[in-house]
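Here is the structure we will look at.
The values are calculated or read from the model by the stated rules, or taken from the named source; none is laboratory data. For clarity, every value in this text was computed on a predicted model and none was experimentally measured. We place every Cβ from the backbone using ideal geometry, glycine too, and count neighbours over all the protein chains shown. To get the accessible areas, we keep the full protein, side chains included, count just its heavy atoms, and leave off ligands, DNA and RNA. Shrake-Rupley method; radii C 1.70, N 1.55, O 1.52, S 1.80 Å.
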Amino acid sequence: MKECNCVFLIFGATGDLAHRKLLPAFYFMERENQLKDSLSIVCIARKEKTTEQYRKEASDSIRKFSRIKVDERLLEKLVSRIYYHRLEFSDKKGYAGLSRFIEKISGQKSGNCERIFCLAVPYSLISHVLGSLKNAGLAERQKKGKPYCRIMFEKPFGHDLKSAKELNSSIMNVLDEKQIYRIDHYMAKELVQNLLVLRFANSIFEPLWNRDYIDHIQITVAETLGVESRGEYYDKAGALRDVMQNHMMQLLSLVAMGAPKSIDADDVKNEKVKVLKSIAKSGFSGNMAIGQYGEGIVEGKKVAAYASEPEIRKNSGTETYAALKLGIASKMWKNVPFYLRTGKRLKDKSTEIIIVYKHTPFGLFSKASPEKNMMVIRVQPYEGITLQFNAKVPGNKVIIDNVEMDFCHECKFGPNSPEAYERLLYDVMAGDQTLFTRWDEVENAWKIVDVILKNIKKLKLHIYEAGTWGPKEADKLIAKDGRKWVEPKRPAYAEQLGK
Ligand SMILES: NC(=O)c1ccc[n+]([C@@H]2O[C@H](COP(=O)([O-])OP(=O)(O)OC[C@H]3O[C@@H](n4cnc5c(N)ncnc54)[C@H](OP(=O)(O)O)[C@@H]3O)[C@@H](O)[C@H]2O)c1
């Protein structure tokens, strides 16, 4: 029996998220000496298995999915913290058994342990699990001087505004906002965290970050993957719920927010929420295109159409692609369009934010057709920033060419930036909510996406060939404004990285 200071409980421990992300992240933390000696990890699911069996499966997954080479001695140390407990989540009485299990492994009353409940389960089960944890005395509001009790869970945060509100109020019946850690793993990506520094620690960029200098902003989240094994979930969700409501609204609010009073979590979130509220206030013009992938060639391999993927409903009208134009009703962004697009089975995997600047007002070189300056922020892959500007080509005539200046994150800081979950697990244990999503961010993002979702019912769903950049209608959407999508490309430094 060891003294228990902290119990980390993974609900849904036999699932994909636990095996691919959570367990390897724990290995990293073990290696970095970030785990308290007294931490136990209780892995919970409904399958019948012993702790020994689960430890073996966990070790296999860590070896398979860890981004760093596994040292067997450290792996053994980590798995010795892991216990498996079988629980059918709908069995209300089973939670008393879980409480006894915690007491058995810790030798302490479960309420005297620090508890983190990580709910890697379908979102429809979250309220039920949390309510049962409350009834068993495991989940409770934070009391002064008492060990902490926190919950963390991934998107989706509901299916629409109404269900998100219901889910939230059921959680708030048990816990306070300060105990709730809503994960948007995009927030933990290095280049996303870097956005605040880029914007507010650089006097060469900060004064230009507004409508006076910026022509428009593009945000692209492109995947080459199809629905993989998540067909049932995805077919009910679609691109707008799966990516636009969370990752893209987070990126957009970070790019467009005004300067926060400080870098404290709440000050930053207050500014992000102002952006989301302004978008909701602007209304949605209906400028949008949606699509669904047909068959095609992706990364050299023939792939099936969405309609023939496993678990997809016959004649499904789910969008796997969405492109839209939004405006922000604020002094800073009046008349600056934000073009957002996301899709599955596109030509390349790429998440980029592109700031396109206005032409200089003088027009001195207009005959040489200089291009608009651009800043490309590569969130993934090839993490880094490229500045594109105009330069004179050597010679007697004034011929202008577009040149690039690169910041390659990995070339400068090395290849081993923490993975999102490594950072998020560290933060939840440290009680730092900065990279997690506050309820009013979720609520206001849903207010925007709810309106968009109503709009798509009126739209035609265009089938696009897998391995392209999506339906032509998305090109027309931006071309109407005399602009075009900036196609993600491999930066010059990719070669240096051997990628
Ligand atoms: N996987 C990802 O990369 C990812 C990314 C973003 C968000 N998410 C979200 O994270 C959550 C988990 O995703 P996942 O991909 O890990 O799902 P998954 O592979 O389907 O795993 C679900 C887990 O929940 C358990 N479970 C389901 N119903 C249960 C019940 N009634 N009683 C006890 N255990 C039950 C399953 O246990 P058994 O195996 O014992 O049945 C399994 O361990 C979902 O909400 C998902 O949308 C996942």
Ser61 vs. criteria farther than 22 Å from Phe117 by Cα and open to solvent by less than 60 Å² (accessible area, probe 1.4 Å): no
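Quick grid of which residues meet (1) touching a helix residue (DSSP H, G or I) at 6+ places or on another chain (Cβ under 6 Å); (2) surrounded by 15 or more Cβ atoms within 10 Å (Cβ to Cβ):
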| position | (1), (2) |
| --- | --- |
| Arg423 | yes, yes |
| Ala430 | no, no |
| Phe436 | no, yes |
| Val449 | yes, yes |
| Lys454 | no, no |
| Glu465 | no, yes |
| Gly470 | no, yes |
| Pro488 | no, yes |
query: Would you say Ala18 is within 16 Å of the ligand (Cβ to nearest atom), over 11 Å from His85 (Cα atoms) and among the aliphatic types (A, V, I, L, M)?
result: yes
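This table checks each residue for (1) touching a residue at least 24 places away in the same chain (Cβ under 8 Å); (2) more than 15 Å from the ligand (Cβ to nearest atom); (3) under 15 Å from Asn444 (Cα atoms).
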{"site": "Gly158", "(1), (2), (3)": "yes, no, yes"}
{"site": "Lys165", "(1), (2), (3)": "yes, yes, yes"}
{"site": "Tyr181", "(1), (2), (3)": "yes, no, no"}
{"site": "Met187", "(1), (2), (3)": "yes, no, no"}
{"site": "Glu190", "(1), (2), (3)": "yes, yes, no"}
- request: Go through Leu23, Leu35 for me and flag whichever is within 19 Å of Arg150 (Cα to Cα), in contact (Cβ under 8 Å) with a residue 40 or more places away in the chain and part of a loop (DSSP other than H, G, I, E, B).
  value: Leu35
- prompt: For segment 310-350, how many residues meet the condition of being open to solvent by less than 40 Å² (accessible area, probe 1.4 Å) and in contact with a strand residue (DSSP E or B) (Cβ under 9 Å, 6 or more places away or on another chain)?
  reply: 24
- request: For Lys49, state whether it is modelled with pLDDT under 95, among the charged types (D, E, K, R) and part of a loop (DSSP other than H, G, I, E, B).
  value: no
query: Which of the residues belonging to segment 36-66 are farther than 14 Å from Tyr421 by Cα and among the aliphatic types (A, V, I, L, M)?
result: Leu39, Ile41, Val42, Ile44, Ala45, Ala58
field: Filter pass, Lys397 being open to solvent by 60 Å² or more (accessible area, probe 1.4 Å), at pLDDT below 95 and outside any strand (DSSP E or B)
entry: yes
message: Quick test for you: out of Ile385, Ile353, pick the one residue that is open to solvent by less than 10 Å² (accessible area, probe 1.4 Å) and modelled with pLDDT of 95 or more.
response: Ile353
query: Residues that are modelled with pLDDT under 95: which strands (runs of 3 or more DSSP E) entirely in segment 188-304 hold 1 or more of them?
result: none
query: Between a first residue in segment 481-499 that is over 11 Å from Val376 (Cα atoms) and a second residue that is part of a loop (DSSP other than H, G, I, E, B), which pairs have beta carbons less than 6 Å apart while being 6 or more apart in sequence or on different chains?
result: Ala494/Tyr382
message: Is it the case, given these coordinates, that Ile105 is assigned to a helix (DSSP H, G or I) and in contact with a Pro (Cβ under 6 Å, 6 or more places away or on another chain)?
response: no
message: Being open to solvent by less than 70 Å² (accessible area, probe 1.4 Å) and part of a loop (DSSP other than H, G, I, E, B) is the requirement here; does Asp440 meet it?
response: no
task: Considering every residue within segment 209-222, establish whether at least one is surrounded by 17 or more Cβ atoms within 10 Å (Cβ to Cβ) and closer than 18 Å to Pro260 by Cα.
output: yes
message: When you check Leu9 against the structure, is it under 15 Å from Glu422 (Cβ atoms), buried (at least 16 other Cβ atoms within 10 Å of the Cβ) and either within 11 Å of the ligand (Cβ to nearest atom) or not hydroxyl-bearing (Ser, Thr, Tyr) (or both), yes or no?
response: no
statement: Over segment 129-156, the set of residues open to solvent by less than 30 Å² (accessible area, probe 1.4 Å), free of Cβ contacts under 8 Å to residues at least 60 places away in the same chain and in a helix (DSSP H, G or I) is Leu130, Gly131, Ser132, Leu133
message: Here is a list: Phe101, Phe117. Which entry is open to solvent by less than 20 Å² (accessible area, probe 1.4 Å) and away from the ligand (no atom under 11 Å from the Cβ)?
response: Phe117
- line: Counted residues in segment 27-56 being open to solvent by 70 Å² or more (accessible area, probe 1.4 Å) and of a type outside the set (Lys, Arg) come to 7
- prompt: Given the structure, is Lys92 in a loop (DSSP other than H, G, I, E, B), farther than 26 Å from Ser417 by Cβ and modelled with pLDDT under 95?
  reply: yes
field: Cβ-Cβ under 6 Å pairs, at least 6 apart or on other chains, segment 452-477 side on the phi > 0 side of the Ramachandran plot, far side open to solvent by 40 Å² or more (accessible area, probe 1.4 Å)
entry: Gly467/Ile297; Gly467/Lys347
Selection count, segment 312-334, where residues are part of a strand (DSSP E or B) and basic (Lys, Arg): 1
- prompt: Looking at segment 72-88, is at least one residue over 32 Å from the mean Cα position of the chain (by Cα) and either among the charged types (D, E, K, R) or open to solvent by 50 Å² or more (accessible area, probe 1.4 Å) (or both)?
  reply: yes
message: Looking at segment 52-86 only, could you name the residues that are outside any strand (DSSP E or B) and of a type in the set (Phe, Trp, Tyr)?
response: Tyr54, Phe65
